[in-house]
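One structure below.
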Amino acid sequence: MRVLIAPDKFAGTLTAVQAAEAVAAGWRRHAPDDELDLAPMADGGPGFVDVLHAALGGSLDAVTVSGPHGDPVPAVVLRVGTTAYVESAQAAGLHLSSGPVETASSAGVGELVLAAVAGGATTVVVGLGGTGTNDGGAGVLAALGAQADGVLDGGAAPLGAVTTVDLAAARSRLDGVTLVAASDVDNPLTGLFGATKTFGPQKGVAEDRIAEVDGWLEAFAAATDRRTSLEKGAGAAGGIGYALLVLGASREPGIGLVASAVSLAERARASDLVVTGEGAFDFSSRAGKVPYGVAAVASEALRPCIALAGQVLVGSREMRALGIESAYSLVDLVGEERAFSAPADALADLAARVARTWSR
């Protein structure tokens, strides 16, 4: 039997590569003769560059950029010919945030883009997701040279006072460069489904502060480009998607970009079963996340797709709406403590148990 193993990261515990290897190790315990094809995946968030490097090769250039609160942080630019790939989470990731999200800046992501261009890239693909910022991408614009009558690189808090933004210098620095926003979500910048309301709480925005913080971004959008703030993906990565869109970026779902890079469709057609997974499998997985994207590819190839996850938070009806035949929970099998203390071993145990059901 041929099994394609294509998981996302298990946030906070395993990278996508580690997750794929753990699933393979457990599967082999029960079905040592099965042919396993490992295709670690990403949706634009953490792990985006690593997965693409494994699939495409190329060179990694080490750079140092500003973190969310100004501290220097290491990051890399992946160069494949004249195309460069960068990952917003490396410069503005939630794991890097050491202060209030209201003062967290995305400037380091703009510095990453500048480093990519300085190295000769004519196309820059920015993976969006997993950030600890919510500044509407104002920091990105500031790093690229945008001017305003207020502060752009101080997080969301100063943006309520901004009334004019001049993007001429930022656009000039990117003249001749094609920008691509690889987005894992399709939320607009503001409003009921915007960056602050949807993702702010997980970044530390208190419930009673959401309306005020969203108002700051509304003011920033009004001063910059209100229409673009309503576009799909503008709310990605705390609004970094918006900054890229106002600079002329095209938007491409991160999962689709990665799937193409790793030839996922061809590999699914050559398999009998597709296995995917992520840390928490819930209905938000439909919004551009890896399991939904992998399941869609499996469906087109007429192959069944199952999911292994840290937690499964959907019922069977929702699961099938996402294109998943069955989903299996790590926490349900081994308990939350072991799932976090020994995630690779626990995931291998889960995979071995699932193989008893699915392997021939």
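The values are calculated or read from the model by the stated rules, or taken from the named source; none is laboratory data. Small disclaimer: the values here were computed from a predicted structure and weren't measured. Neighbour counts are summed over all protein chains in view; Cβ atoms, including those assigned to glycine, are modelled from backbone coordinates with ideal geometry.
Does Asp43 qualify as being in contact with a Gly (Cβ under 9 Å, 6 or more places away or on another chain) and over 25 Å from Ala352 (Cα atoms)?
On the way: in contact with a Gly (Cβ under 9 Å, 6 or more places away or on another chain): yes; over 25 Å from Ala352 (Cα atoms): yes.
Considered against the rule, which asks whether it is in contact with a Gly (Cβ under 9 Å, 6 or more places away or on another chain) and over 25 Å from Ala352 (Cα atoms), Asp43 comes out as yes.
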Original post:
So which of Val354, Val334, Val314, Val274 ends up being closer than 18 Å to Gly26 by Cα, at pLDDT below 90 and of a type in the set (Val, Ile, Thr)?
Top reply: Val334
**OP:** Could you please let me know if Gly160 is at negative phi and without any contact (Cβ under 8 Å) to a residue 40 or more places away in the chain?
**Re:** no
Original post:
Mind checking which residues of segment 206-219 are in contact with a helix residue (DSSP H, G or I) (Cβ under 6 Å, 6 or more places away or on another chain) and under 12 Å from Asn134 (Cα atoms)?
Top reply: Ile210, Val213, Asp214, Trp216
Original post:
How many residues does segment 105-134 contain that are within 19 Å of Pro72 (Cβ to Cβ) and not small (Gly, Ala, Ser)?
Top reply: 7
Original post:
If you take just the strands (runs of 3 or more DSSP E) that sit entirely in segment 1-117, which of them hold at least 3 residues that are among the polar types (S, T, N, Q)?
Top reply: 59-66
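Going by what's in this entry, would Ala221 be described as out of contact with any strand residue (DSSP E or B) (no Cβ under 6 Å at 6 or more places or on another chain), over 29 Å from Ala161 (Cα atoms) and not polar (S, T, N, Q)? Break it down into steps so the answer makes sense when it comes.
On the way: out of contact with any strand residue (DSSP E or B) (no Cβ under 6 Å at 6 or more places or on another chain): yes; over 29 Å from Ala161 (Cα atoms): no; not polar (S, T, N, Q): yes.
Judged against the criteria, Ala221 is not a match.
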**OP:** Answer with yes or no whether Phe220 is in contact (Cβ under 8 Å) with a residue 40 or more places away in the chain, more than 16 Å from Ala138 (Cα to Cα), in the same structural domain as Glu87 (by TED's automatic domain parsing) and in contact with a Gly (Cβ under 8 Å, 6 or more places away or on another chain).
**Re:** no
Subject >> Gly176 over 17 Å from the mean Cα position of the chain (by Cα), modelled with pLDDT of 95 or more, under 27 Å from Val101 (Cα atoms) and surrounded by fewer than 24 Cβ atoms within 10 Å (Cβ to Cβ) >> reply: no
Subject >> Matching residues, segment 197-217, being aromatic (Phe, Trp, Tyr) and either over 19 Å from Pro46 (Cβ atoms) or outside the structural domain of Ala104 (by TED's automatic domain parsing) (or both) >> reply: Trp216
Original post:
Any idea how many residues of segment 139-193 are among the polar types (S, T, N, Q) and assigned to a loop (DSSP other than H, G, I, E, B)?
Top reply: 4
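Quick test for you: out of Thr64, Thr83, pick the one residue that is buried (at least 16 other Cβ atoms within 10 Å of the Cβ), more than 25 Å from Gly277 (Cα to Cα) and modelled with pLDDT of 95 or more.
Numbers: Thr64 fails: buried (at least 16 other Cβ atoms within 10 Å of the Cβ).
That would be Thr83, the only listed residue that is buried (at least 16 other Cβ atoms within 10 Å of the Cβ), more than 25 Å from Gly277 (Cα to Cα) and modelled with pLDDT of 95 or more.
Find the residue count for segment 319-342, including only residues that are touching a Cys at 6+ places or on another chain (Cβ under 8 Å) and on the phi > 0 side of the Ramachandran plot. Walk me through how you get there before you give the answer.
Filtering segment 319-342 for residues touching a Cys at 6+ places or on another chain (Cβ under 8 Å) gives 323-325.
Retained after the next criterion (residues that are on the phi > 0 side of the Ramachandran plot): 323.
Residues meeting the conditions: 1.
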**OP:** With the checklist (1) at pLDDT 95 or above; (2) under 21 Å from the mean Cα position of the chain (by Cα) in hand, flag the one item Thr15 doesn't pass.
**Re:** (1)
